[in-house]
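Encoded as structure tokens, the structure appears first; notes follow it.
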Amino acid sequence: MTTPRLVIRNFAQIAEADLTFGDLTVLVGAQGTGKSLALQWLKVAIDGKEICAALGAAGHPTDKPQVLLDLIFGTGMGAAWNATETSVSFDGKKLVPRTIPKAGGAEPSLFFVPAHRSMLISDGWASPFQRLTADTPVVARLFSQNLFDRFSTRGEGDLFPLDRVLKKAYRERIDDAVFHGGHVAIEEDRQHAKRLRLTHGEVHLPFMTWTAGQREFTPLLLGLYHLLPSRKTLKHDAIDWVVIEEPEMGLHPQAISVVMLLVLDLLWRGYRVVLSTHSPDVLTAVWALQRLRENDARWQLVCDAFGVPSRHMRTVAQAALQKEYRVHLMAFGDDGRVRSQDISTLDPGDENDAVSGWGGLTEFSSRFGHAVRIAVRESGA
């Protein structure tokens, strides 16, 4: 089985991104290093046909290359493509704007959960694709449409917790970390409009009064529902890839560990998952899983690491120890352009600072720790 590979050269700030994908792949890097652009190109390479069909159905032209790139990546991004210098390939197949409408199969194969997902929910309701302008990247418009469809086809009632959608261990951890006894539900307001509400007993809170973490986590969770069919079927038939941008947004580390537990569930189901992150907690989980795998650890130790009971978690934990994990750093060079670097080993003892420092995610705490150690030594304590 070949390892999927995406190569992007000379697009916007990206001089070269050479990304190979494992079962779980994580992209790290400072703001503005093109992580989102790379992930959007992955979506285009796999599901260009779906993207163009959605744009066409909303009345957008897709036959002009620069306009199409503006529609996909956001207004103004068409200029990022240089006809003589830019190249994009996926699994060795070159991709240019005129071939995008032919990329992929009849059904989408990659499900994309964008960053800033709470902004897609206005007044407690997701916006349909056509209501969002070309300033919004197409991956966000598609995700918003997915939420809109889910909201619109569901009557009043709870969206969380749901007994037959998530394992009990997941529901309990999510409740403890995010909702604290609250129920996410669709309710009808006084104007007979349906809206998301968070209920605590007799208190019914509208979406904009929720905590930042609750507003960011809820659309992520509801999007993941799309990937979790009935218990008789492990995965969505057509979907093979899942991209989640910044799963940690607004979340306490306890809640981040819950998200990573859901990622393990996706891996067990057979999805190939790609994350972008600024969170050292995400990489800590990846590092631990790699070390457990290398040491032929018992599957129970995965459960211990995530703080979940081993009962009913055996198959998920065993699968986690069989998966391949990859990490890529995207960083600016001295010339102000971005290049990728494979830092998958995450070895704290590596001579390469990018590897040992996990792409800079541990640099902040390491500097403070170093300063404290010097202070203690100099004080003679």
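Checking residue 312 against (1) touching a Ser or Thr at 6+ places or on another chain (Cβ under 9 Å); (2) open to solvent by 50 Å² or more (accessible area, probe 1.4 Å); (3) more than 28 Å from residue 35 (Cα to Cα), which single condition isn't satisfied?
Among (1) touching a Ser or Thr at 6+ places or on another chain (Cβ under 9 Å); (2) open to solvent by 50 Å² or more (accessible area, probe 1.4 Å); (3) more than 28 Å from residue 35 (Cα to Cα), the lone unmet condition for residue 312 is (1).
For residue 177, indicate whether it is in contact with a helix residue (DSSP H, G or I) (Cβ under 6 Å, 6 or more places away or on another chain), closer than 24 Å to residue 47 by Cα and open to solvent by less than 60 Å² (accessible area, probe 1.4 Å).
no
Which of the strands (runs of 3 or more DSSP E) contained wholly in the stretch 1-113 include at least 3 residues that are open to solvent by 10 Å² or more (accessible area, probe 1.4 Å)?
Numbers: elements: 5-11, 14-20, 24-28, 87-90, 93-95, 110-113.
Per the criteria, 5-11, 14-20, 87-90, 93-95.
Just to be sure, is residue 218 open to solvent by 10 Å² or more (accessible area, probe 1.4 Å) and of a type in the set (Val, Ile, Thr)?
No.
Mind checking which pairs have a first residue in the stretch 259-282 that is surrounded by 21 or more Cβ atoms within 10 Å (Cβ to Cβ) and polar (S, T, N, Q) and a second that is at pLDDT 95 or above and in a loop (DSSP other than H, G, I, E, B), Cβ under 7 Å, 6 or more apart or different chains?
What qualifies is 276/246; 277/246; 277/247; 277/248; 279/248.
For residues in the stretch 315-334 being within 18 Å of residue 35 (Cα to Cα) and not small (Gly, Ala, Ser), which is surrounded by the fewest Cβ atoms within 10 Å (Cβ to Cβ)?
So in the stretch 315-334, the residues within 18 Å of residue 35 (Cα to Cα) come out as 325-333.
Among the residues that remain, those that are also not small (Gly, Ala, Ser) are: 325-330, 332.
Working: 325: 19, 326: 19, 327: 26, 328: 24, 329: 24, 330: 24, 332: 16.
Among those residues, the one meeting the criterion is 332.
Counting only residues that are open to solvent by less than 30 Å² (accessible area, probe 1.4 Å) and in contact with a helix residue (DSSP H, G or I) (Cβ under 8 Å, 6 or more places away or on another chain), how many does the stretch 147-160 have? Give the steps one after another, and end with the answer.
Of the residues in the stretch 147-160, the ones open to solvent by less than 30 Å² (accessible area, probe 1.4 Å) are 147, 151, 157, 159-160.
Still in the list and also in contact with a helix residue (DSSP H, G or I) (Cβ under 8 Å, 6 or more places away or on another chain): 147, 159-160.
Residues meeting the conditions: 3.
If I filter the stretch 335-345 down to residues being in contact with a strand residue (DSSP E or B) (Cβ under 6 Å, 6 or more places away or on another chain) and either of a type in the set (A, V, I, L, M) or assigned to a loop (DSSP other than H, G, I, E, B) (or both), which single residue comes out as most open to solvent (accessible area, probe 1.4 Å)?
337
The values are calculated or read from the model by the stated rules, or taken from the named source; none is laboratory data. The structure presented is a predicted model; accordingly, all values stated were derived computationally and were not measured. In this analysis, Cβ positions are derived from the backbone assuming ideal geometry, glycine residues included, and neighbour counts consider all displayed protein chains. Just the protein is used for accessible areas: all its heavy atoms, side chains included, with ligands, DNA and RNA removed. Shrake-Rupley method; radii C 1.70, N 1.55, O 1.52, S 1.80 Å.
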